[in-house]
Structures are given as C-alpha cells and as structure tokens.
Amino acid sequence: MPIPANPTNASIQPQSLYDAWADLAWRAMLTEVNLSPKPGLVDRLNCGAHKDMALADFHRSAEAIRQWLPRFMEYGASCTRLPPESVLAGLRPLGMACEAAMFRATAGVNTHKGSIFSLGLLCAAIGRLYQLRQPIAAETLCATAADFCPL
C-alpha cells in the first residue's frame, strides 16, 4: 500500500511526516536485530560470530542514527532540481556524519554502516517523491533510490 504523497489533512507538515517515516526506518533497524534466531549474526539470543558487538550496541547505534533519518528526507526534498544521479554526492556528507554518530554510540563498532547507506538512500527518495508530489510506493521508492546510484 503506497504512503500518501499528499495528505488530505493540510495541517500535517512535511517535518512531522518525515519524523513518522523516520520512525518506521528506526523501528525496522530494531526489528531486524531483535529477530531471532539468526545463526552467526547478532540477535536477542546471542552475538553469533561477532565477538566485538552485542545487542545493546545495535540499540545504541539505532538510537544515534534515528535523528539523521529525517535529514536524509529533507535533503531529498531540497534537491528535486538536481538530476537523480547527482543526489548521491550530496548525501555522502550526511551519511558520513551519521556514520560518525554511530561510531560514537558504539565505541567504534560498525553495527549499521550498510543500513545507513541503504536507509539514507530510501529516506532521500521519500523526501524527493514527497516534494514532487509523486506516490510513495515500493516501486517508485526503489526506482528513485536506484536512480541516485547510476552504474
């Protein structure tokens, strides 16, 4: 089911929508790490093959990343005049700052670097689609994020 691009309630501001969508992304990070069992990976039951990380590291990391997710959406909304293939360069500094927050929260442990990249792209795509008043559905979201990363 698509996320409405144009809410029927005009009092809903983009920032509150960005926060709501960011909350979904944050909950996805927590859901993934709490899913158990995952042999070889960190989950609620054990640390798998990862002696340098624990469930609490992932929770701290997700909390540190949470504040950055709306910023990716704001950037996506602010750069609608850029060609899609130019968006990634502008996302990079945000991603690196988000990554630094993750490393501070985990004392240098890489818990969510891949999630920062993938969720950063998806959040920027949400912002872009919303600003352009295009439907936010799985197909448009994935296509927009893919357009940010030309081969």
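The values are calculated or read from the model by the stated rules, or taken from the named source; none is laboratory data. All values reported here derive from a predicted model rather than from experimental measurement. Neighbour counts run over all protein chains shown; Cβ positions are idealised from the backbone, glycine included.
Of all residues in region 104-151, how many are more than 17 Å from residue 19 (Cα to Cα) and out of contact with any Ser or Thr (no Cβ under 7 Å at 6 or more places or on another chain)?
Within region 104-151, the first condition is being more than 17 Å from residue 19 (Cα to Cα), and the residues that meet it are 104-115, 117-118, 132-135, 137-151.
Narrowing further to those that are out of contact with any Ser or Thr (no Cβ under 7 Å at 6 or more places or on another chain): 104, 107-110, 113-115, 117-118, 133, 135, 137-151.
So the count comes out to 27.
From the list 52, 57, pick out the single residue that is acidic (Asp, Glu) and in contact with a Ser or Thr (Cβ under 6 Å, 6 or more places away or on another chain). Give the steps one after another, and end with the answer.
Values: 52 fails: in contact with a Ser or Thr (Cβ under 6 Å, 6 or more places away or on another chain).
None of the others qualify; the one that does is 57.
Conditions tested, residue by residue: (1) out of contact with any Pro (no Cβ under 7 Å at 6 or more places or on another chain); (2) in a helix (DSSP H, G or I).
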residue	(1), (2)
18	no, yes
21	yes, yes
27	yes, yes
31	yes, yes
36	yes, no
39	yes, no
45	no, no
51	yes, no
57	yes, yes
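Can you pull out the residues in region 33-69 that are of a type in the set (Asp, Glu) and without any contact (Cβ under 8 Å) to a residue 40 or more places away in the chain? Show your work before the answer.
The first filter runs over region 33-69 and keeps only residues of a type in the set (Asp, Glu), leaving 43, 52, 57, 63.
The one that is of a type in the set (Asp, Glu) and without any contact (Cβ under 8 Å) to a residue 40 or more places away in the chain: 43.
Within region 66-78, is even one residue more than 20 Å from residue 132 (Cβ to Cβ), at pLDDT 95 or above, surrounded by 14 or more Cβ atoms within 10 Å (Cβ to Cβ) and not charged (D, E, K, R)?
Applying the first criterion (more than 20 Å from residue 132 (Cβ to Cβ)) to region 66-78 yields 66-68.
Now narrow it down to the ones that are at pLDDT 95 or above: 66-68.
With surrounded by 14 or more Cβ atoms within 10 Å (Cβ to Cβ) added as a condition, the list becomes 66, 68.
If we keep only those that are not charged (D, E, K, R) too, we end up with 68.
Yes, because at least one residue in region 66-78 is more than 20 Å from residue 132 (Cβ to Cβ), at pLDDT 95 or above, surrounded by 14 or more Cβ atoms within 10 Å (Cβ to Cβ) and not charged (D, E, K, R).
Scan region 31-49 residue by residue and report those that are surrounded by 16 or more Cβ atoms within 10 Å (Cβ to Cβ) and in contact with a Leu (Cβ under 8 Å, 6 or more places away or on another chain).
Answer for region 31-49, where residues must be surrounded by 16 or more Cβ atoms within 10 Å (Cβ to Cβ) and in contact with a Leu (Cβ under 8 Å, 6 or more places away or on another chain): 33, 42, 43.
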